[in-house]
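Asker: Please find one structure pasted underneath; my questions will follow.
FYI, it's all coordinate maths here, none of it is from the lab. Every value quoted in this text rests on a predicted model; they were computed, and no experiment measured them. Because the Cβ atoms are built from the backbone with ideal geometry, glycine has one as well, and the counts that use them run over all protein chains shown.
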């Protein structure tokens, strides 16, 4: 058996939020571990655990990379848009339907009823939203007008806001 023991260069940043902080309700603490040898960011927090590794590059230290990246870039790396954004889906679907020729042909009362039906949908899944809108549609209005908008999970949004608000200023301060 062969055993290789490595002691990588890492930096750990541990944060505990004050109760009056706007992020406190969703995340009271977070620990960010930067591995400078492997370019891996590991995050443990009470809103979830996240990790992502970048390609090691000699042109930029890992700490500098973490100091400059955008929170949306990080969010794309640690999460995916897999949660229905219900309000935006309703807005886009209603907009698409209003622009359709078949909608214009409906009496005003039916137009208003259809918009109200879509506005009242409370589904929290993409499939459920599609099904409920499709059920509400009148003949002649295509289901191709249904548009769903997906968003990042709240916990990923919170940790990326945490990253931007607390870790990045600390990293930038250490760079100077």
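Asker: For labels at residue 49 and residue 104 in the simple 7 Å Cα→Cβ model, what's the distance in nm?
Answerer: Output for this residue pair reads 5.7 nm.
Asker: Any chance you could check the Cα centroid distance between segment 105-176 and segment 1-31 for me, in angstrom?
Answerer: Each part's Cα centre sits 31 Å from the other's.
Asker: Which whole-number percentage describes the relative contact order of segment 74-176, with Cα contacts under 8 Å and a sequence gap of 6 or more?
Answerer: Rounded, it is 45 percent for segment 74-176.
Asker: Still on this structure, please answer the following. Please compute one quarter of the surface area of the Cα convex hull for segment 1-65 and express it in square nanometres. Kindly include the intermediate steps, with their values, before the conclusion.
Answerer: On the way: hull surface 24.8 nm².
Its average projected convex-hull area is 6.2 nm².
Asker: Hey, rough spin-label estimate for residue 1 and residue 92, points 7 angstrom out along Cα→Cβ, what's it come to in nanometres?
Answerer: My value for the distance between the label points is 5.3 nm.
Asker: Further question: Given (1) 111, 46, 31; (2) 72, 44, 35; (3) 82, 37, 27 as candidate values of Cα extents along the principal axes in Å, which corresponds to the one derived from the coordinates?
Answerer: (2)
Asker: If each DSSP helix of 4+ residues adds -39,500 (n - 2.57) and the sum is divided by the residues in the chain, what number results at 222 nm, nearest 500 deg cm²/dmol? Spell out each step's value before the answer.
Answerer: On the way: 8 runs with 73 residues, N = 176.
Result for the chain: -12000 deg cm²/dmol, rounded to the nearest 500.
Asker: Computed over the Cα atoms of segment 83-151, what is the ratio Rg over Rh, Rh following Kirkwood?
Answerer: Details: Rg = 11.2 Å, Rh = 11.8 Å.
Computed over Cα atoms, the ratio is 0.94.
Asker: Place a point 7 Å from the Cα of residue 9 along the Cα-to-Cβ direction; which residues of segment 54-82 have their backbone N under 11 Å from it?
Answerer: 61-63
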